[in-house]
Amino acid sequence: MSPAEHRSGDRRPERKYREKDLDPARIVARDVLRAVRERDAYANLLLPRLLRERRITGRDAALATELTYGSARSLGLLDAVIAAAAGRPVDEIDGSLLDVLRLGTYQLLRTRIGSHAAVSTSVDIARSENGMGPSGFVNAVLRKVSQRDEQLWIDELAPSMMDDRIGNLSFTYAHPRWIGEVFHRALGGSTGELQAALAADDERPIVHLVARPGQITAEELALISGGDEGRYSPYCVYLPEGGDPGELDAVREGFAGVQDEGSQLVAVALARADVGDDGGRWLDLCAGPGGKAALLGSLAEVSGAHLDAVEISAHRAELIEKVVDSLPVTVHVADGRSSGLEPGFDRILVDAPCSGLGSLRRRPEARWRRRPEDLPELVTLQRELLAEALHLVKPGGVVVYSTCSPHPAETVEVVDTVLTEVAGVSRLDARPLVAGDVFDPESLGDGPYVQLWPHRHDTDAMFLAALRKD
Ligand SMILES: C[S@@+](CC[C@H](N)C(=O)[O-])C[C@H]1O[C@@H](n2cnc3c(N)ncnc32)[C@H](O)[C@@H]1O
């Protein structure tokens, strides 16, 4: 930085660097990263809203999306590199500069954007908000970052592969170590598969659509959207890369929705289970925001059944109401552990509140926000909800317990613990319920439970167990 720059800076941003003159894609990415840092915003909810409000479309929107989600997903890795380059811990760096440094470092290490553009656009943003001195700091740090590529930084900063394979892989694929450990355990201790799981989790997933049964077929939806029919769920369509579901009439009019294929399979498995004489009383005990309730509601309509959808949060219950409009579904704002509903349900879904470690691909910053300390409270709630479902189901009826998490404490251990406490319940083999006659159930592991994985099935890591009351 030249002395002249020093003198003219710090008082107020120069006209040349006013924010309105800066790249809108990078500014919106910076704003989302700031909201994530300052007020725990969800990047995948905030970014689409800001893109709409600021009328950012096309290539700018694609760049903003890549930079925002990519940076949010790799925060821990970026911060380790920034701290090394700055020679101080990131919590000693001003938050507004840290957002810009994260954005710049992401571009340098994980995109093909040239280093000059990555550094100069970051410096311009810092200068417009913070003035010359701080922008000089951003310049110095990013220049240091740019002296190595991602692999060289990993070689320098990651725990060694010899001493700590899980730590090394977690760092390399931008996951907190404790999540690497959880995945390793859930994968039966295979480090090779852990690498594949973490790598798949570090990619941006394509959008999955659900064609609501009775309203549109997957074949029709694939035709309209230009997508491909799903491999596993008869209702799934894979939207082509870059496709915007909000632009599809079928989605706007409610014939179709956005839903990961793994989530669809959970609802489908419940509807496929043999419950003897189906009296048509179906229950979704943790229904908000209503993705599975909408699919179950459509399936209930097709088979002349009715779905009760229970949700503890009034706001999330409103979201269910919006997606089950005109379906045979009644929404109840209640605690699923004491809903007051009459027992005797034929089919019950317990899609339990969980850590969400199975959908980290779709929630970019979530892996850095979750803490292992969150688990015990969730596990207690999961056990109580499952026990209540087993009370509410009729003899011969089926409960499907699912989580969007592969964490053994939330999956196998919850089911196994509850079954030591509740007598007269059998485990069903969930694999044929998930596979139907669409694909080979053997591809779903050894049973009786099903654990889906992004690296194996290209779905979120949904777990499900199917239980029948004797
Ligand atoms: C994993 S989400 C369910 C997702 C939903 N099945 C879907 O597909 O859209 C769990 C839901 O359970 C709700 N919940 C948490 N505690 C609950 C309780 N005690 N009773 C009922 N719902 C609860 C949460 O508010 C959240 O909306």
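Once you list every other residue whose beta carbon is under 9 Å from the beta carbon of residue 468, what net charge do they have if Lys and Arg are +1 and Asp and Glu are -1? Cβ neighbours under 9 Å give a net charge of 0. Highest average first, the peptides 222-228, 404-410, 126-132 ordered by how many other beta carbon atoms sit within 10 Å of their residues are 404-410, 126-132, 222-228. The accessible surface of the chain, taken with every protein chain in place and a 1.4 Å probe, is 48 percent carbon and sulfur.
Classify region 261-469 as rounded, prolate or oblate, taking a ≥ b ≥ c as the square roots of the eigenvalues of its Cα gyration tensor: rounded when a/c is under 1.5, otherwise prolate if a/b is larger than b/c and oblate if not.
Taking the square roots of the gyration eigenvalues as a ≥ b ≥ c, region 261-469 is rounded.
Label positions at residue 155 and residue 302, each projected 7 Å from the Cα along the C-beta direction, are separated by 5.5 nm. Within the shell of other residues whose beta carbon sits under 13 angstrom from the beta carbon of residue 362, the net charge comes to -3, with Lys and Arg scored +1 and Asp and Glu -1. Close amide H pairs (under 5 Å, H built 1.01 Å from N) link residue 331 with 309, residues at least 5 positions away or on another chain.
With both bridge residues required to lie in the chain, what share of the DSSP beta bridges run antiparallel, to the nearest 5%?
Here the share of antiparallel DSSP bridges comes out near 55 percent.
Ranking 340, 259, 306 by Cα position along the charge dipole of the chain, where only Lys, Arg, Asp and Glu carry charges on their C-beta atoms, puts 259 farthest toward the positive end. Extension gain, residue 330 to residue 92: 0.36 nm times the residue separation minus the Cα-Cα distance gives 80.5 nm. Karplus-based coupling profile of region 241-258, in residue order and whole Hz: 3, x, x, 10, x, x, 8, 8, 4, 4, 6, 4, 8, x, 6, 9, x, 9, with θ = phi - 60° in 6.51 cos²θ - 1.76 cosθ + 1.60 and x standing for Gly or Pro. Each residue, residue 49 and residue 220, gets one label point 7 Å from its Cα in the Cβ direction; the gap between the two is 3.3 nm.
Does region 208-258 classify as rounded, prolate or oblate by the C-alpha gyration tensor (a ≥ b ≥ c root eigenvalues; a/c under 1.5 gives rounded; else a/b over b/c gives prolate, otherwise oblate)? Since a/c reaches 1.5 but b/c is at least a/b, the shape of region 208-258 is classed as oblate. In summary, the convex hull built on the alpha carbon positions of the chain has an orientation-averaged projected area of 23.3 nm². Remark: region 154-165, residue by residue, has Karplus-estimated 3J(HN,Hα) of 4, 4, 7, 9, 6, x, 6, 4, 5, 8, 8, 5 Hz, where x stands for each Gly or Pro and the curve is 6.51 cos²θ - 1.76 cosθ + 1.60 at θ = phi - 60°. Shown in residue order for region 408-414 are the 3J(HN,Hα) couplings computed by the Karplus curve 6.51 cos²θ - 1.76 cosθ + 1.60 at θ = phi - 60°: x, 5, 9, 10, 4, 5, 5 Hz (x for Gly and Pro). Distances between placed amide hydrogens fall under 5 Å for residue 351 paired with 285, 286, 402, all partners being 5 or more residues away or on another chain.
Each peptide in 381-393, 248-260 gets a packing score, the mean of other Cβ atoms within 10 Å over its residues, and the list from highest to lowest is 381-393, 248-260. Here the label points at residue 199 and residue 115, each 7 Å from Cα along the C-beta direction, are separated by 2.7 nm in the simple model. Can you return the aspartates and glutamates within cross-link range of residue 469? Criterion is Cα-Cα under 13 Å, with same-chain partners fewer than 8 residues away left out. Of all the aspartates and glutamates, those that pass the test against residue 469 - Cα under 13 Å, at least 8 places apart if same chain - are 274, 346, 388. Under the rule a/c < 1.5 gives rounded, and otherwise a/b versus b/c splits prolate from oblate, where does region 3-145 land using the Cα gyration tensor? Cα axes put region 3-145 in the oblate bin. Each stretch of four or more DSSP H residues adds -39500 (n - 2.57); spread over every residue of the chain, this sum gives -14500 deg cm²/dmol at 222 nm.
Might you report the magnitude of the Cβ-based charge dipole of the chain about its Cα centre, with Lys and Arg at +1 and Asp and Glu at -1, to the nearest 20 debye?
Using Cβ point charges on Lys, Arg, Asp and Glu, the chain gives about 1880 debye.
Computed FRET efficiency, Cβ-Cβ of residue 274 and residue 322, R0 30 Å: what is it to the nearest 0.05? It comes to 0.40. If you plug the beta carbon distance of residue 374 and residue 21 into 1/(1 + (r/R0)^6) with R0 = 51 Å, you get a FRET efficiency near 0.75.
For residue 412 and residue 177, the difference between the fully extended length at 0.36 nm per residue and the C-alpha to C-alpha distance is 82.4 nm. Backbone amide hydrogens, once placed in the peptide plane, bring residue 396 within less than 5 Å of 469, 470, excluding anything fewer than 5 places away on its chain.
The values are calculated or read from the model by the stated rules, or taken from the named source; none is laboratory data. Note that the coordinates shown come from a computational prediction; the quantities given were computed from them, not determined experimentally. As a convention, Cβ positions derive from the backbone with ideal geometry for all residues, glycine included, and neighbour counts pool all protein chains shown. Side chains included, ligands, DNA and RNA excluded: accessible areas come from the protein's heavy atoms. Shrake-Rupley method; radii C 1.70, N 1.55, O 1.52, S 1.80 Å.
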